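Contents: one structure, followed by commentary.
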Amino acid sequence: MEFLVLGALETRHSGEPVRVRGMRQQKLLALLLLHANRVVPVDVLVDELWEDPPTSARPQVHNAIRDLRRILSADEETSLVTMDVGYRLVVPDDAVDAHRFTARVRAARTAEYEGRCADAIRSLQSAVDLWRGEAFAGIQCPSVASAAVKLNEQRLTALEDLMALRLRIGETSSLVGELRALLAQFPLRDSLRGSLMLALYRSGRQADALAVYDEGRRFLADTLGLEPSSRLRTLHAEILADSPVARGQTPADEAVRALVGSARSTTGLPPSGRAPAADTGVPLPHAAVRASHPAGRNDLPHDLPDFTGRETELTTLLGLAGQEHGTTPLVITVDGMGGVGKTALAVRVAHRVTDRYPDGQYYVALHGHRADRPPLPPEQALAALLQAAGVPPEAHPRTLEERSALWRSRLAGRRCLLVLDDAVGTAQVAPLLPGTGGSLVLVTSRRKLTALDGAVPQWLDVLPPADAAALFTRIVGERRAAREPDQVARAVELCGHLPLAVRIAACRLRGRPAWRIADLVDRLAGAARRARFLQTADRDVMSVLRASFRHLDPALRRFSRLISRHPAPVCDVDEAAALTGLPVGDVEHHFDVLLEHNLVREEAPARFLLHTLLRDCARDLRAGDAGGEQADGTHGHAAVEHERARWAGVGAAQPGRVPAPPTPESAVSAPPPAAVTV
């Protein structure tokens, strides 16, 4: 005899339904099945069957038991035994569908833990297929209702595990329809919404995936006044960033798909799997950590084939990275102005030393100076690193400190390489550092990370003129560059020898075969035309440089704008005080901050150079304070005119010592001396 409780209560014998008459007998059978093979006292049965038991409650229970015995007598393996205090329903374990469900889920957990994903999927699928509706549907008594809630939640958990495994083996579009139906039924389940986002995204529907997140965010805000969970926000960020984790392209996922693909031929698993009513891809409580620990993972971006120059810096960094540093991680910071090639250098070094760090090479873009997005919080950076290291999102701790500790424990005793690109400051980097072991960390930033204790700094300047010309030549072609060598030198000079600007200018010239290099020089000669020309559909030099000023306060932005009007490339403290009307002490402080952000370069004590392109950028800054423009237009303009007159006098008195300064409006249209623009 078979008893079905995962839906409306049913009894079957040899596949045929057996009718249990009356709601009281059905409730009694449900209570006995709930405590199958255990004694249920008569007093418990009375309290469950009646809210206000009548005096005849016990005799009525005895009569109902008699009727149930008559129904159950058709099966030799099933019996209803009278005990001293109550009754015990004796049934085989597999006679109750709830018991079969539990056993199959347990078998799936074991298979998952052992890495047998095909068997886990098959067991979970057969488990959820047992369900016909809500558990004990229609049975209204306290303990049965409580048990039904627990069983229903176990069903959803099993569905979540099933969907997680099906997503991991590569199913996507086949899950979208059922996930949408379930989301309408369970709109508050983050795991369901996350699985739908992943299924859509991996089906090539990024916009739809982001729309599902936005719908959930609005629903939570309108109904509960809450924001999505941190796990869902992390998934949203990964989809926006097109991360390997969101695409399901981690080594663990690829290995699982390979195993399942080979297992299908022997297990009979369908090519795309069957589609249960499911919740989402979340838990994977056991094997997700064990089977997905990636050995030798490499997340590094590609190395530039036309990387040029930096021989001294490469030699220094490769020498450091090649040294044995015992139990202390080696942290190297590479800092310099925007577009100077910090990331290219760090990635090149990383690729050169991967064999020394065989336990994994990780890369995280921290977006410290992106114009289109805020810096990545260290919590999200740790989430990405932990997931890359094989820790599933559901196993991530909530707090920054706990995530940082877990990340350090994952790296302990391993030789890993970590590239942290475009850091905004020390506070963003410190939680991501290994705690021990022979790991190497390369950090790039536009700021000097002097507060990062124990780090080895490497400052990057713009390219020397010869290297800048070599980069330009490698992009446009040697034959074309050889026809106009003087114009090549002039073009890279107008780009300030900044690698990003040189690369954009050369790439644009390469796409215009009818142009001479002199035509390019003409486009670069004026500040406004240069800014427009050094801009493509996906790269913009001025936008990159403006992001460097974003982290300055209004007073520093105003100071930067004023010193950009100085008629000479180099400005000392006294000249800056005259230009801005600020006390010398404030000017020194402002220069210290700009130097820390690599927005000026100290040519000599108290003498600072503002790069040509930074000058272009700073000239258009807005300080953000109401009186900034008026102040600049009075004192600032008068001071600039005074400095122009002074420099003109020096030039007349000592011909050849300094060039005659240009006007403030065209100061960067004509190139400054090469000695001070590099």
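No lab work stands behind these numbers, since they all come straight from the coordinates. Quantities reported herein were computed from a predicted structural model and do not represent experimental measurements. With ideal geometry, Cβ positions are generated from the backbone for all residues, glycine too; neighbour counts draw on all protein chains shown.
Cα centroids of region 154-223 and region 56-95: 45 Å apart.
Just tell me which lysines come within less than 20 Å, Cα to Cα, of Lys342; anything on the same chain fewer than 8 places away is out. Of all the lysines, those that pass the test against Lys342 - Cα under 20 Å, at least 8 places apart if same chain - are Lys448.
Quantify how much of the Cα-Cα distance distribution of region 2-95 extends past 20 Å, in percent. The proportion of pairs with Cα distances above 20 Å equals 31 percent. Measuring nothing but how far apart in sequence close Cα pairs (under 8 Å, 6+ apart) lie, relative to its length, region 390-495 scores a relative contact order of 21 percent.
Per-residue 3J(HN,Hα) values for region 99-107, derived from phi via the Karplus relation 6.51 cos²θ - 1.76 cosθ + 1.60 with θ = phi - 60°, read 5, 5, 4, 4, 5, 6, 5, 5, 5 Hz in sequence order (x marks Gly and Pro). Picking from Asn63, Pro41, Thr11, whose Cα lies most toward the positive end of the charge dipole for region 2-95 (charges on Cβ: Lys, Arg +1; Asp, Glu -1)? Value: Asn63. Computed about the Cα centre, the dipole magnitude for region 2-95 is approximately 340 debye when only Lys and Arg (+1) and Asp and Glu (-1) carry charge, each at its Cβ.
The overall shape of region 311-459 is oblate: from the C-alpha gyration tensor, with semi-axes ordered a ≥ b ≥ c, the ratio a/c is 1.5 or greater and a/b is no larger than b/c.
For region 465-539, the relative contact order comes to 33 percent (Cα pairs under 8 Å, sequence separation of at least 6).
For trypsin sites (Lys or Arg not before Pro), the sites in region 120-214 that DSSP calls loop and that have at most 15 other Cβ atoms within 10 Å are Arg132.
Remind me, what semi-axes does region 568-614 give for its equivalent ellipsoid, largest first in whole Å, using sqrt of 5 times each Cα gyration tensor eigenvalue? Each step should come with its number before you reach the end.
Details: eigenvalues 51, 28, 18 Å².
So the equivalent ellipsoid measures 16, 12, 9 Å along its semi-axes.
Within a straight-line Cα-Cα reach of under 19 Å, Lys27 can be paired with the following lysines, leaving aside sequence neighbours fewer than 8 residues apart in one chain: Lys150. Using C-alpha pairs below 8 Å separated by at least 6 residues, the relative contact order for region 1-111 is 31 percent. Under the shape rule built on the C-alpha gyration tensor, where the axes satisfy a ≥ b ≥ c, region 465-539 is rounded, since a/c falls short of 1.5.
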